[in-house]
Structure formats: structure tokens, C-alpha cells
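Undergrad: Dumping the structure here so I can ask a few things about it.
The values are calculated or read from the model by the stated rules, or taken from the named source; none is laboratory data. What you are looking at is a predicted structure, and each value in this text was computed from that prediction instead of being measured. With ideal geometry, Cβ positions are generated from the backbone for all residues, glycine too; neighbour counts draw on all protein chains shown. What goes into the accessible areas is simple: the full protein's heavy atoms, side chains included, and nothing from ligands, DNA or RNA. Shrake-Rupley method; radii C 1.70, N 1.55, O 1.52, S 1.80 Å.
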Amino acid sequence: MTFGCQMNVADADWLTQALVSRGWAAVSEGEAQVFVVTTCSVREKPEQKVYSLLGRLKSHVDRNPDVFVAVGGCVAQQVGEGFWERFPFVRLVFGTDGMAMVPQTLERLAIHPDQRISLLDFLDHYPERELTQDGAVGAQAFVNIMQGCDNFCAYCIVPYTRGRQKSRASDAVLTECGSLVRRGTRELTLLGQNVNSYGQDRHGDGTSFAALLQRVASIPGLLRLKFTTSHPKDIAPEVVEAFGQVPNLCPQLHLPVQAGSDAVLKAMGRKYTRAHYLDIVRSLRAACPHIALTTDIIVGFPGETAQDFEETLSLVKQVRFLSSFSFKYSDRPGVRAEKMGLKVPEEEKSRRLAILQDLQNCITAEELARTVGTEAEVLVEGRSKMQDSDVHCWKGRDEAGRIVNFPAQGDDLTGKMARVRILAAKKHSLLGEIRGDVW
Ligand code: 5AD
Ligand code: SF4
């Protein structure tokens, strides 16, 4: 049961594969003997969701005392063995660096019902995990290139829960990517909290992120390459240029801006200005005019005035992000912003969030509408919720990450590429018709 960011999703996928290769099976909630919950504490809401899930899982333990729960990820790192007091059926807590040890630890716990184990230590190196070299792979896969973060943005708990930045050796990244592509993966996403500073910590092996991108992109058979997340202060000119030069690097970039006013950016400790961010956007568009930009925005950071918020709105209008994730600032335990004065009242945060999201929805709709009449290459992710009575409908993403739904007769298209003509734009997705063969 997975909450939170793509790194958690990737961790949970790896754990599933590792457990299946040891003879475990994924089953439905009612049949499970062990629940593995991967948690998120980046904001208050996802953290609350974890506690309500654990409350619900207690009913399974009440029915069958052999059932137990393992809690991993950021809440586990933060609360640690404290879980054992509140939820005695939690018998394993593990942080990101403990993940590599989880398969064998679960085996041990299943045999010894009296034991509890915590894997919460931060390691001094990137903990390599066993690679599952056989078994089915999806058309899309995530590959970790680093762990942790050194930035300590004032609002953010990640450096405390995921530890200091540790780059993974480039050869290990290449081996995993190569193995996935050989087995059928067509799209890779390189993952890290701050991929642009890959290799710049003392664990790096001298390979820069730009060089790593080039090496991964040249794996024969790789159709699409993406990466996330980028910190604007660390994006190198070589990475910007790669968008104009590397044919399989997708024309999309998630570049969290967080705020549009220099005063708020400074208080957040983001180490760039509005002008610097806009310069990066200009150079990205010069390198790749059709690049789709997405972002994260926090409203109501302590001290954010009405004028500061106006500057966030004006930046959004200026950049015209394809989409954005926006959040009300929430206090996280132990971060610098928790102790800052001038907290913005809850109602005011809600008001600003609604205004920002209305603006973004209009821009998203306009940007999607601009694609009507064009053709896109779509990597199909599976069946679409939208259904036609006679034919199956499929859902996938174009190279810029826009969701495209289209009907098609015949075989399962999951994992296939299709050329699709865009016929209409909806609020958050596109509708099209298939043109020619799929591959
Ligand atoms: N409050 C609100 N949003 C936050 N984020 C991180 N920490 C907080 C917080 N304390 C947002 C940032 C980040 C995204 C993953 O979550 O926008 O980019
Ligand atoms: Fe958090 Fe800032 Fe690191 Fe992103 S760069 S994980 S926002 S501290």
C-alpha cells in the first residue's frame, strides 16, 4: 500500500518484485498475511492518510493474530519505533536506506512471530539492492539514481527523513537501465530528489547528470527517457541543451518553482530568484520550443503577503505551465519554517489556492486545446475509463506527458506506441483517433 512520491512507487515496485522472486505472492487485502505500507510525510494530509489506513488494518489483525504490518518510508523514518506503542501489530519499521534489507527481514519476521525489527539507520553510501534479472517488466520503469537531499528548503522534511544526498554509481544505473530495456521496457524515468545535483556529492563517481543522461539515452531500443525532480538552482546548461539534441529525451520538464516572489523564495531558501527561474525557462524553450513545463507551488508560506501571492500568479501567467501541483503550506515537525512568524491563516491559504488552481485550470485547458489537429505518438498505459459501447478505449501519454484517450479495435495495446490524431481537448486530457499501425 503505497503513498507519496514516485520514489515510493518505485521502491514498492522493487520490493514487490524482490518478494515475488522469493516465493511471496501479492494478494487482496482480505487474504493478506503481511501488509507493507510505504508512507509519505511531505505534507500533513498524506501523513494523516497513513494513520487512518493503519487504523483500518487493525481489523485484519483482530480477526487473525498472524497478520502483521511493515511500515516504510518517510513517516517510518520520523516516528520510528514509536509506531510500536500506538500500533503493536506493526512489526517492522524501515527507512529508505533500510529498504534493501526488507525482503530477508520479512522472511525472518514471518518465521519468528515474537520479533520486531527496525531498519532506520542512515548509511554512508547508496545501498545497492538485489537486481531481479528475470521476470516481466513494464513498458515504463523508474530507476533510482540517488537518494536523499542536501538542500534543506525551509519548509521541507525530506532531508530529515531521507537523509543526505547519496549518488548511485553510474555503472549500476546503466546496468539496471540496460537490463530493463533488453527485457522490453521502452520508457525510463530517472529518479532522485534533486537529479540535477547527481554526482556532486562525495558518493559520486565523477559522472555528471548531463553525462549520465547521454549514456542512458544511447541504450539501444530505449524509446523515451524522462527524469524527475529537478531543482532550478542546479540545472546545468548541458542538461538544457540536451532537450534540443537527444532525440529520445522527452520534451517535458517538471521544474518546481514553489513561489513567484523573490522575498518568499529567499525565505524558503531556494537559492534562485524569479528572474533566474525565468531565464532557465527561456533557455529551455530556446533549446526545445515545444517543451512542456510543469511545476510545484506552495501558497501561504509564512510571511507570504497578498503582493507576494500576486507575483506567483503573474509568474504562472508568464510561464504558462502545462499543469502544476499546488499545495497550502503546512508545518512539518523540525523544519525551519515551522518556527517562522507571520503564519498565513488557513482560510487565506485556501482562498489563494483556489485562485491559483482556477488560473492553472484555464491555462491547462488552453494549452491542451492548442494540440487539437496535430498528431502525437502515444505510449499506451492501459484501458481508458472512457468507454465506447463497441470498441475498447485506451489511455496513454504523448511525448510531452499529456494524457491521450482513443478508441481502437482489436488486441491489447498496453505497452504499445500508437500514432494518434488529436480531435478534442478536455479539461485535463486529450481525445484522439488512431492513425496507422501500432508498434
Ligand atoms: N507544505 C506544503 N507543501 C510542501 N511541499 C513540500 N513541503 C511542503 C510543506 N511543508 C511541496 C513542495 C514540493 C512538493 C513535493 O511538496 O511543493 O515540491
Ligand atoms: Fe525538499 Fe528542497 Fe530537497 Fe526538494 S530540494 S526534497 S523541496 S529540501
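Undergrad: Determine Rg/Rh for segment 140-367; Rg is computed over alpha-carbon atoms and Rh is the Kirkwood hydrodynamic estimate from the same atoms.
TA: Using only Cα positions, Rg/Rh for segment 140-367 is 0.98.
Undergrad: Then there's this: Nearest 500 deg cm²/dmol is fine: what mean residue ellipticity at 222 nm does the chain get from its DSSP H runs of n ≥ 4 alone, each adding -39,500 (n - 2.57), divided by its residue count?
TA: -10500 deg cm²/dmol
Undergrad: Principal axis extents for the chain, Cα atoms only, whole Å, descending order, please.
TA: 62, 60, 50
Undergrad: Report the accessible area of L430, computed with a 1.4 Å probe over the heavy atoms of all protein chains in place, in Å² rounded to the nearest 10.
TA: Counting only protein heavy atoms, L430 exposes about 0 Å² to solvent.
Undergrad: Students often check this: by mean Cβ neighbours within 10 Å, which of 262-269, 232-239 ranks highest, and how do the rest follow?
TA: Final packing ranking: 262-269, 232-239.
Undergrad: On to the next question. Using a cut-off of 15 Å between beta-carbons, work out the net charge of the residues near Q115 (Lys and Arg +1, Asp and Glu -1, Q115 not included).
TA: Here the count lands on -1.
Undergrad: Accessible area of the chain with a 1.4 Å probe: how many percent of it is carbon plus sulfur?
TA: With neighbouring chains kept in place, the figure for the chain is 52 percent.
Undergrad: Still on this structure, I have one more. Tally Lys/Arg at +1 and Asp/Glu at -1 over every other residue whose Cβ is under 15 Å from the Cβ of A275; what's the total?
TA: Residues close to A275 contribute a combined charge of +3.
Undergrad: Here's something else I'd like to know. In a Gaussian network model over the chain where Cα atoms closer than 10 Å are linked, find which of V93, V61, V391 has the largest mean-square fluctuation.
TA: Its mean-square fluctuation being the largest, the pick is V391.
Undergrad: Show which lysines lie in cross-link reach of K266 when reach means a straight Cα distance below 25 angstrom and same-chain residues fewer than eight apart are skipped.
TA: Reachable lysines: K233, K317, K328, K339, K343, K349.
Undergrad: Have a look at M386, G148, T414 and report the one farthest towards the positive end of the charge dipole of the chain, computed about the Cα centre with Cβ charges (Lys/Arg +1, Asp/Glu -1).
TA: Farthest towards the positive pole: M386.
Undergrad: With a sphere of radius 10 Å drawn around the Cβ of A141, what net charge do the other residues whose Cβ falls strictly inside it have (Lys, Arg +1; Asp, Glu -1)?
TA: Net charge around A141: -1.
Undergrad: Next up: Calculate, in nm to one decimal, what K233 and S350 gain on full extension: separation in residues at 0.36 nm each, minus their alpha carbon distance.
TA: Gain in length upon complete extension: 39.2 nm.
Undergrad: Also, I was wondering about something else. Can you say what percent of the DSSP beta bridges in the chain, counting only those with both residues inside, are antiparallel? Round to 5.
TA: Approximately 40 percent, going by the DSSP bridge assignments.
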